[in-house]
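A.B. asks: Quick one: this structure, given as structure tokens, is what I'll be asking you about.
Read the figures in this text as sums done on the coordinates, not as results from a lab. Fair warning: this is a prediction, and the values are worked out from it, not measured in the lab. FYI the Cβ positions are ideal-geometry reconstructions off the backbone, even for glycines, and counts take in every protein chain you see.
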Amino acid sequence: MNVSSVAKFDGDTPVVAIVGRPNVGKSTLFNRLIGYRHAIVSDVAGTTRDRVMGTVQWDNTNFLLVDTGGLDFDINSELDAQVQSQVNVAIEDADCIVLLTDCVDGLTPTDIAVGEILRRSNKQVILTVNKVDNPLRSHNVYEFYQLGLGDPIPISAYHKIGMDEFMGTLVDNIPHYPGVTYDPDNLRLSIVGRTNVGKSSLVNSIVQEERVVVSDQAGTTRDPVDTVIDYDERSVILVDTAGIRRRGKIEQGIEKYSVIRSMKSIGRSDVSVLAIDARDPMSAQDLHIAGDVLSSFVGMVVAVNKWDLVEDKETAKAEYLEWIEGQLRFAPYVPIIFCSALTGDGIDELMSTSFEVFEQRMKVIPETDLQELLFDALAKHPPPGLGRRTLKIYDLLQIGVNPPAFSFSVNNPAYMHFSYKRYLENEIRRKFGFVGNHLQLRFHRRGEQ
């Protein structure tokens with residue numbers, strides 16, 4: 001049996017951010033790249049409803065594309081403040097920035113101000129002029145040389161004009177980083193969550209001085225962000241601790257735009273702790289982040305922080321569990337831990353549970369046990385028929401760990417109904433566990449890889 005680590009969104013995938021004034025065509029360009037014929041695109045977890053992020057592959061180069069105009073900026077703020085927020089997000093977390101302008105409006109004071117900021121940012125900037133859809137408009141491109149950001153690339157995102165040159169230039173300017181090396185003996189743990197749930201306090205409660213082995217160790221070539229600690233004689237790499245601690249020092253309002261950094265942290269982790277506030281558990285944003293974690297096939301533990309502020313804890317605990325489990329009904333296998341970063345209560349349980357989730361995702365199931373499970377599952381609940389078409393399952397193999405991945409050999413993958421897929425996943429969990437982990441299930445025709 002050949003079991004290996006299965007690819008998931010890698011936190012070292014370069015990030016490309018599109019910035020620019022409203023109505024210059026940022027979303028049109030984003031959607032064009034998502035649907036472009038040479039691009040292979042998969043939705044990044046949790047972004048289907050807002051369409052602000054997607055992974056793109058072009059000429060064997062993968063990158064995460066972000067439309068900053070799709071992020072939730074304050075609609076009541078001044079125009080310049082909105083653009084400034086976009087630029088701050090891009091400079092903070094992106095590796096390459098596409099500054100999109102508009103040849104119809106021409107060079108505006110806002111373009112000049114943004115160009116000045118980007119020129120001082122030491123980021124790779126691709127100056128792009130949109131709506132150049134006829135020869136007369138192409139003459140308007142030259143004034144954008146005043147920005148001092150190199151040769152402007154004329155395109156029409158709506159009419160697909162100039163896209164090959166644009167993508168070629170973009171790929172040539174995207175920095176490339178070595179992938180994260182995953183050590184089966186070292187847990188890579190990230191703390192994620194919305195604003196003011198106590199992420200920094202949780203990190204500080206876990207990272208006590210006597211546990212620190214190396215502070216601020218470089219986790220990637222980009223960011224010296226990780227902290228390595230020794231917890232109960234086990235090595236733990238806390239991902240992006242510098243990022244968590246730094247957020248409070250960034251100007252107010254930027255925290256809620258940290259989706260890019262959050263995705264990077266999740267992508268570089270084995271397990272993510274989703275921190276929620278006991279005073280407001282499982283908000284819509286909490287569920288969004290939970291979707292990010294699970295769709296990235298990263299192990300997850302929910303930490304109900306600030307539990308010290310809840311009165312009558314024994315009575316409240318059952319009510320909290322019922323509510324949180326109801327909100328997380330799509331992931332009933334995720335453990336829930338009640339803790340307080342302030343008092344330290346529950347922190348040991350949180351860490352021991354995180355280790356358990358990590359161990360579960362490294363587990364390898366013998367082939368004979370999998371075949372026995374498949375035989376029993378089919379006998380107990382045969383696949384439903386679709387008219388004259390009936391799903392047949394011939395084989396079950398484990399093809400990966402970290403995350404756990406399984407492959408089913410079938411007569412036709414199109415016959416696999418989502419409800420039966422869920423049944424098979426539940427059967428695997430019932431017999432083998434995999435607590436806290438979203439399983440990758442793949443279905444292929446017999447004889448195909």
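A.B. asks: Run the simple label-point estimate for ARG120 and SER27 please: 7 Å along Cα→C-beta, distance reported in nm.
C.D. replies: 3.2 nm
A.B. asks: Treat region 263-326 as a sphere of radius equal to its Kirkwood radius over Cα pairs and apply Stokes-Einstein at 10 °C in a medium of 1.306 mPa s; give the translational diffusion coefficient in µm²/s, rounded to a whole number.
C.D. replies: Values: Rh = 12.6 Å.
The estimated diffusion coefficient comes to 126 µm²/s.
A.B. asks: Would you mind checking region 266-305 for residues with the amide N under 18 Å from a putative spin-label position 7 Å along Cα→C-beta of LYS421?
C.D. replies: It comes to 291-298, nothing else.
A.B. asks: Mind checking which lysines have their C-alpha under 16 Å from LYS160, skipping anything on the same chain fewer than 8 residues away?
C.D. replies: The reachable lysines, counting only those whose Cα sits under 16 Å from LYS160, are LYS26, LYS131.
A.B. asks: Right, next: Only Cα pairs under 8 Å and at least 6 apart count here; give the relative contact order of region 356-433 as a rounded whole percent.
C.D. replies: On the way: 73 pairs, mean separation 24.4, N = 78.
That works out to 31 percent.
A.B. asks: Ranked highest first by average number of other Cβ atoms within 10 Å, how do 96-104, 381-389, 198-206 line up?
C.D. replies: 96-104, 198-206, 381-389
A.B. asks: I would also like to ask the following. Amide H neighbours of TYR231 under 5 Å, at least 5 residues apart or on other chains, H built in the peptide plane: list them.
C.D. replies: VAL236
A.B. asks: Rank by packing, highest mean first: peptides 315-321, 110-116, with packing defined as the count of other Cβ atoms within 10 Å averaged across residues.
C.D. replies: 110-116, 315-321
A.B. asks: Looking at region 391-449, what % of its DSSP beta bridges pair antiparallel, to the nearest 5?
C.D. replies: Numbers: 6 of 12 bridges.
Beta bridges within region 391-449, antiparallel portion: roughly 50 percent.
A.B. asks: Go through 406-416, 331-341, 290-300 and give me the packing order, highest mean Cβ count within 10 Å leading. Please list the in-between numbers first.
C.D. replies: On the way: 406-416: 16.6, 331-341: 20.0, 290-300: 24.6.
In decreasing order of mean packing, 406-416, 331-341, 290-300 become 290-300, 331-341, 406-416.
A.B. asks: Here is a follow-up. Could you list which residues have their amide H under 5 Å from that of LEU342, counting only those 5 or more apart in sequence or on another chain, with H placed in the peptide plane?
C.D. replies: Long-range HN contacts for LEU342: LYS306.
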